[in-house]
1. On full extension of the chain, what length is gained from residue 431 through residue 168, given 0.36 nm per residue of separation minus the C-alpha to C-alpha distance?
2. Looking at the P(r) of segment 150-271, how many percent of alpha-carbon pairs lie beyond 26 Å?
3. Can you compute log10 of I(q)/I(0) for segment 379-437 with the Debye formula, treating each Cα as one identical point scatterer, at q = 0.14, 0.16 Å⁻¹?
4. With viscosity set to 0.692 mPa s at 37 °C, what whole-number translational diffusion coefficient in µm²/s follows for segment 57-142 from Stokes-Einstein and a Kirkwood radius over Cα pairs?
5. When the distances between all Cα atoms of segment 14-118 are binned every 10 Å from zero, what whole-number percent does each bin get?
6. Would you order 400, 246 from fewest to most other beta-carbon atoms within 10 Å of each residue's own beta-carbon?
7. How big is D, in µm² s⁻¹, for segment 179-226 by Stokes-Einstein at 20 °C and 1.002 mPa s if Rh is the Kirkwood radius over C-alpha pairs?
8. Let me understand segment 121-368 better: what is its radius of gyration from the alpha carbons, and its Dmax, in angstrom?
C-alpha cells in the first residue's frame, strides 16, 4: 500500500481490491491488448482465403500465445518504454509483439501481419470487453454471491423470530426477522440473473466499421464471417454494425445492472443500520478495536456505513459511464476512451461495499429479548386484525371503531381483550383474536422465507 496513492482503491483499500487488478489496471489493459493482437495473428493463419498469411506449426502457435500468457511486469514496462517514443499506446503494443516475434527466427516473416487491417479501436474494444467480463464474472459475482448466501443463511435461521415492523418509522403489523431478510435475498437473486445473462459485445471491422482496408487487400474474402469467428473465439458476442467504435450499449446495460444490485445493497445496509440502532441486532465487539476516540462504550455499525459510502461512489461512476459511453460524435470521438479508464473504479467501489457488508454481517446476532420487548409494548398493532375480523362478521364501521380506540394510543393487552370480548363474533374468530399477541400476529411470514431458495 502506498500512502501517496491518490485513490483509496490503490491505497487504504488496496488489499481488498487487488483481485480486480488483473482485469482493470493499466497492466491489465496492455495484457489484453497483447492477447487480442496475438490471437488475431493466429486467426489469420487459419483463414485459407488470406493467401499471404501462412499457417503456423503447433510450436509456433504455442510461442505466439506465450507472448500473452507469460505477460509480466517486465513486459508491461517494455510496452510503456516503447510508448514514450510512439506516444500511442496501441501502436506500442503492436511494436512489442513484433519484437517478441523477432526473437524467434521462424516467425520473423509474419511480423507485418500483426495488427493487419486493424484500427486501434478494433483492439481496444475487445480488450475492454474481456476486462469487464473477467472482472465481473471472476471477482465481482463471487463476492456478490457471498453476500447473498450470508443473508440467505440468516433468513432461514431466523425465519420464525417475530419482529415489529415499522412503516413510515412507526409501529406496524409484525413480521419475522427472516422474512424481512428474505426480501433482500429475492431482490438480489433477480438482479444477479440479469448480471449473469449479460452479453459482452465486440466489433472487428476497421476504421469506420466498413472493412474498407480489408476489402482493398482481399476483396473476395468473407470479412464479416472472419470477423465474427474471431470475436466469438474470444468468448464475446459479435456486433456487425458499428462506427469506428463498438457503440457501448452493452456496457451501459452491464453498469445499470450493477447499479441495481448496488441499490438493493444500499437499502439493505440502511435497514440493518436501523435495526442495530433499535437494538434488534447486536454487534460483536472486536478485541482491540476502538469505536470512538472519546466514548469507550461505542460499537459502531461502521461496516454498513462504509458499504453505503462505497455504493454511492460506485453508482456515481457507473451511472456516468452508462450515460456517457453510448454517445459519440459521428463516427467516433475520443471521450469514450478516456472515460473507460475509470470503469474499474466503479466496479471496485462496489466490490468494497459488498465485502464491508459481509464483514458487518459476521459481527451480528439477533437480540430476541429486545424484539420481544418492542412487540409487547405495541399491542395496538393488533387493531388491523380485529377490524378485519369485524368486517368479516358484518359489523358497521369497524375500521372507524378501531381507529378511535387505537390511533396514537398505547393499548394494554387487557384493554384490547376487553374490547374483543364485547364483540359479536363467531366463537372461533373471537377465541383466535383473544389468544393473539403481537408476537404471534405474523401472518405467513415464516412460510414466505422458502422463497430465498431459487426454483
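1. Values: separation 263, 0.36 × 263 = 94.68 nm, distance 3.15 nm.
Contour length minus the Cα-Cα distance gives 91.5 nm.
2. Taking all Cα-Cα pairs of segment 150-271, the fraction more than 26 Å apart is 49 percent.
3. Evaluating at q = 0.14, 0.16 Å⁻¹ gives log10 I(q)/I(0) of -0.31, -0.41.
4. 228
5. 14, 46, 28, 10, 2, 0
6. On the way: 400 10, 246 27.
Ranked by crowding around the Cβ, least crowded first: 400, 246.
7. This corresponds to a translational diffusion coefficient of 148 µm²/s.
8. Values for segment 121-368 (Cα only, Rg and Dmax): 23.1, 79 Å.
Rule-based calculations on the coordinates, nothing more; no lab input. Source: prediction; values computed, not measured. Neighbour counts run over all protein chains shown; Cβ positions are idealised from the backbone, glycine included.
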